[in-house]
Amino acid sequence: MRYFQHNSFGVGTSVGPFEDYGQMQIKVKFQGLEKIFLYPWAIEKGILQEINAPATISCATATPPIYTDALKNLLQKYVDDFISKKDLPFVVSPSIPVVWFGDIEKYQRSPKRILTIALNPSLKEFPQLPALPRFKIVDFSGSDAIDALYTTLNRYFYDNPYNWFDKYNRLMSVLNCSYGGKYGDKSNTAIHIDIYTAIATDPTFGPLTTSQKALIQNTSLFNELFDLLNPDVTLISVNQVVFGQNFGDWDLTHTFPFPGGKIKGYTKQNNKLIFGTNCKGLPFGGIPESDAKNAIATIAGHHTQIDREELLAKIAELKAELAKLEDSES
């Protein structure tokens, strides 16, 4: 029996290599979960790591252990920050702290953890009736407040997401990633967080006065959340000053100049960050979408990776074409 380590699924045991469509594959069984990987491609790309037999088998669950307590504790910090500021005249009411947008459990289980970033939630996240709500308003005096907040944040892309996320979602398709929910499922599920505050303001962060920004921002919470989420790839589209203030210690690896803006790649401890010019509030705005996707794929190193389902479908298609040719020749 052979043992393999996977970043999201934990430690599993091999069921054995086998041939499928001419490709050597290996099935690895984690607790309650079986996954198939191309072999030895998954080893070469660092997706799987063969290890010695562990004393105990660790495995991924719906909520991996690193999040169980730490994430709930951090949610409480965000709630405390929100309660202390919710009566400021420029804070949207009613609202909740939007600590993240999207299904964090699917994010945790993704082969690649992909994160998108902006400044703070839009006031349009809390539309007035009769418009459909995007979040449930949580009563923070209740004993189940943290669980209720967790649930409504995870539901965001399943219910009524703001179309601002459309652009990011299209760009992430090149990484075989989406926000999930109404955007459809891909191999990787992304979530979104904001730098300065999880509190929706009217106006949004940019037009606030300097004194208002000082009252509302809490980047220490963002830094704690970012470290906890530990994304493999981050997409961010803000102005250069904001980027430098928050990610100035990352190492530049790529620069792609375009007539409508720039895309730059950065790395830090093997994590990758992709910074694109913002245009009138639109992430990577002003840069042709095809150019942006090519740059993102190059920086993320995804141009050398082929999704398993896509690969097998292509192989099946080629075999069908070959069979037709053989029939025509016979």
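Among the residues making up region 245-276, those that are hydrophobic (A, V, I, L, M, F, W, C) and either touching a Gly at 6+ places or on another chain (Cβ under 9 Å) or in a strand (DSSP E or B) (or both) are L252, F256, F258, I263, L273, I274, F275.
Among the residues of region 140-185, which ones are aromatic (F, W, Y) and within 15 Å of F101 (Cα to Cα)?
Step one: list which residues in region 140-185 are aromatic (F, W, Y), which gives 140, 150, 156-158, 162, 164-165, 168, 179, 183.
Correct list: Y150, Y156, F157, Y158, Y162, W164, F165, Y168, Y179, Y183.
Scanning region 132-156 for residues that are out of contact with any helix residue (DSSP H, G or I) (no Cβ under 7 Å at 6 or more places or on another chain), surrounded by 12 or more Cβ atoms within 10 Å (Cβ to Cβ) and more than 21 Å from L225 (Cα to Cα) yields a total of 2.
Summed over region 211-235, the residues that are surrounded by 13 or more Cβ atoms within 10 Å (Cβ to Cβ) and either outside any loop (DSSP other than H, G, I, E, B) or touching a helix residue (DSSP H, G or I) at 6+ places or on another chain (Cβ under 8 Å) (or both) give a count of 16. Scanning region 53-80 for residues that are at pLDDT below 60, surrounded by 14 or more Cβ atoms within 10 Å (Cβ to Cβ) and assigned to a helix (DSSP H, G or I) yields a single hit, Y67. For region 118-161, a residue qualifies if it is of a type outside the set (S, T, N, Q), free of Cβ contacts under 8 Å to residues at least 40 places away in the same chain, within 17 Å of Q76 (Cβ to Cβ) and assigned to a loop (DSSP other than H, G, I, E, B), and the qualifying residues are D139, G142, D144. Among the residues making up region 246-265, those that are closer than 22 Å to P288 by Cβ and under 19 Å from the mean Cα position of the chain (by Cα) are I263, K264, G265. The C-beta contact set for region 252-272 (first residue assigned by TED's automatic domain parsing to the domain that holds L282 and surrounded by 19 or more Cβ atoms within 10 Å (Cβ to Cβ), second residue of a type in the set (F, W, Y) and in a loop (DSSP other than H, G, I, E, B), distance under 6 angstrom, 6+ apart or interchain) comprises Y266/W250.
Could you tell me whether any residue of region 206-217 is within 18 Å of S110 (Cα to Cα), without any contact (Cβ under 8 Å) to a residue 60 or more places away in the chain, polar (S, T, N, Q) and assigned by TED's automatic domain parsing to the domain that holds K112?
In the first step, residues of region 206-217 are kept if they are within 18 Å of S110 (Cα to Cα); the result is none.
For region 206-217, residues within 18 Å of S110 (Cα to Cα), without any contact (Cβ under 8 Å) to a residue 60 or more places away in the chain, polar (S, T, N, Q) and assigned by TED's automatic domain parsing to the domain that holds K112: absent.
Taking the criterion of being touching a helix residue (DSSP H, G or I) at 6+ places or on another chain (Cβ under 7 Å) and either not in a loop (DSSP other than H, G, I, E, B) or not assigned by TED's automatic domain parsing to the domain that holds Y156 (or both), the residues of region 176-191 that qualify are S178, G181, K182, Y183, N188, T189, I191. Taking F101 as the residue in question, decide whether it is surrounded by 19 or more Cβ atoms within 10 Å (Cβ to Cβ), under 26 Å from A214 (Cβ atoms), at pLDDT 95 or above and within 21 Å of the chain's Cα centre (by Cα). When the stated conditions are applied, F101 passes them.
Take the residues of region 112-166 that are closer than 20 Å to G206 by Cα and among the charged types (D, E, K, R): which is farthest from the chain's Cα centre (by Cα)? Only one residue fits best here, namely K124. Against the criterion of being at pLDDT 75 or above and farther than 30 Å from A316 by Cβ, I83 qualifies.
The values are calculated or read from the model by the stated rules, or taken from the named source; none is laboratory data. From a predicted model like this one, the values you see are computed outputs, not experimental measurements. Cβ coordinates were reconstructed from backbone atoms using ideal geometry, including for glycine residues, and neighbour counts include every protein chain displayed.
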